[in-house]
Amino acid sequence: MTVPGAYFGMAEHHLPPGDTPLVELATLAPAGSRLFAKLEWYNPTGSIKDRAAWFMFHNAKRDGHLPPGTPLIESTSGNTGIGLARVALLNKHPMTICLPQRATAERKQLLRAYGADLVEVDGGPNESIEVAKGLVADGEGFMCYQYGNPGNPESHEMGTVPEMVRDWPLEAPPEHIFCAYGTGGTITGCSRGMRKAYPDIRVHSVEEFTTDPISGMRSQDDPFQPPVGDLSLVTDRHEVAKADAFAAVSLTMATEGYFLGTSSGAIMHAALTFLSDHGGTAIVVLPDDGWKYLSGPPWID
Ligand code: PMP
């Protein structure tokens, strides 16, 4: 485990998630490039957000915001809520999740399986945030607020980045890293940590178009920019159409046998397009796999 085991003096099963594989995608890499993928679905609830959930929860405990039994409230498109529901369950805190009504059935079922109460909001992530804030204002519980919580990027600086540095297999440093922009946690933590380890690395922010939303992602053109996001170390930006993300999901399945979630497909599309033009060595940080998306497009219309 890269994060010191005694970070919060927790028992073994409460150690931070992570330690996910970094694998080479040799079949898919364009000529003149080497491509490595950090497979974040190897986390306990199947996504990169287990890391942020764990850090935000334990930071709140450490800072005295969560006396025993205090309800947790969060607004999320899914993955952070699932990770938080897990830590809440393990630590015996009730959990309420405000999420867009359009979130897939798999996500809702998984959240309920982890014991969370769901508040389904008519709207998107921004409306869900407002509903959750309202509950907190009414004294209903404590909100980690992933969009403004330093534990979110910290989980990547302290976990994801040291793991990638430890596992990077080539003599020369990686030249590129591609991360999704959602809350900004991954891109902020990875850009800070990776630029410290490899000062010349180019950091690529992969984004949705505001008119073509992809679950978990955001665009720098969205009117709401999460305060936890710090994009000052980002060097490149790619907006990806959902149809291109789906195509990359199918391509990755057919060539490497991995079943990606849609944002992972968007990251792959951006990386493959870039590497085809420029070559080089790159890491893609893939947030989750495809199981939670099976009840939606492109698998069902
Ligand atoms: N992809 C998926 C599927 C996600 O759930 C998230 C989290 N919103 C992201 C990408 C973006 O990650 P981050 O919140 O760290 O920016």
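So R218 passes all but one of these: (1) in contact with a strand residue (DSSP E or B) (Cβ under 7 Å, 6 or more places away or on another chain); (2) part of a helix (DSSP H, G or I); (3) among the charged types (D, E, K, R). Which condition number does it fail?
Result: R218 fails condition (2) only.
Among (1) modelled with pLDDT of 95 or more; (2) out of contact with any Asp or Glu (no Cβ under 9 Å at 6 or more places or on another chain), there is one condition S264 misses while meeting the rest; what is its number?
With (1) modelled with pLDDT of 95 or more; (2) out of contact with any Asp or Glu (no Cβ under 9 Å at 6 or more places or on another chain) applied to S264, the lone miss is (2).
Out of (1) open to solvent by less than 40 Å² (accessible area, probe 1.4 Å); (2) in contact (Cβ under 8 Å) with a residue 60 or more places away in the chain, the odd one out for G81 is which?
It is condition (2) that G81 fails.
If you scan segment 31-60, which residues turn out to be open to solvent by 10 Å² or more (accessible area, probe 1.4 Å), out of contact with any His (no Cβ under 9 Å at 6 or more places or on another chain) and more than 16 Å from the ligand (Cβ to nearest atom)?
Correct list: A31, R34.
For segment 188-202: of the residues being more than 16 Å from the ligand (Cβ to nearest atom) and open to solvent by less than 60 Å² (accessible area, probe 1.4 Å), which is nearest to V165 (Cα to Cα)?
Going through the qualifying residues, I end up with A197.
Which of the residues belonging to segment 253-301 are aromatic (F, W, Y), in a loop (DSSP other than H, G, I, E, B) and closer than 23 Å to M194 by Cβ?
Result: Y258, single match.
Among the residues that make up segment 203-212, is at least one of them in contact with a Gly (Cβ under 7 Å, 6 or more places away or on another chain) and either within 16 Å of the ligand (Cβ to nearest atom) or assigned to a helix (DSSP H, G or I) (or both)?
no
Can you say whether V228 is within 14 Å of the ligand (Cβ to nearest atom), open to solvent by less than 40 Å² (accessible area, probe 1.4 Å), over 25 Å from A29 (Cα atoms) and among the β-branched types (V, I, T), as far as the supplied structure shows?
Spelling it out, V228 is indeed within 14 Å of the ligand (Cβ to nearest atom), open to solvent by less than 40 Å² (accessible area, probe 1.4 Å), over 25 Å from A29 (Cα atoms) and among the β-branched types (V, I, T).
Does any residue of segment 148-169 turn out to be away from the ligand (no atom under 14 Å from the Cβ), farther than 19 Å from Y42 by Cα and touching a strand residue (DSSP E or B) at 6+ places or on another chain (Cβ under 9 Å)?
Yes, because at least one residue in segment 148-169 is away from the ligand (no atom under 14 Å from the Cβ), farther than 19 Å from Y42 by Cα and touching a strand residue (DSSP E or B) at 6+ places or on another chain (Cβ under 9 Å).
The values are calculated or read from the model by the stated rules, or taken from the named source; none is laboratory data. Just so it is clear, the model here is predicted, and its values are computed rather than measured. We place every Cβ from the backbone using ideal geometry, glycine too, and count neighbours over all the protein chains shown. Surface accessibility is based on the protein's heavy atoms, side chains included, excluding ligands, DNA and RNA. Shrake-Rupley method; radii C 1.70, N 1.55, O 1.52, S 1.80 Å.
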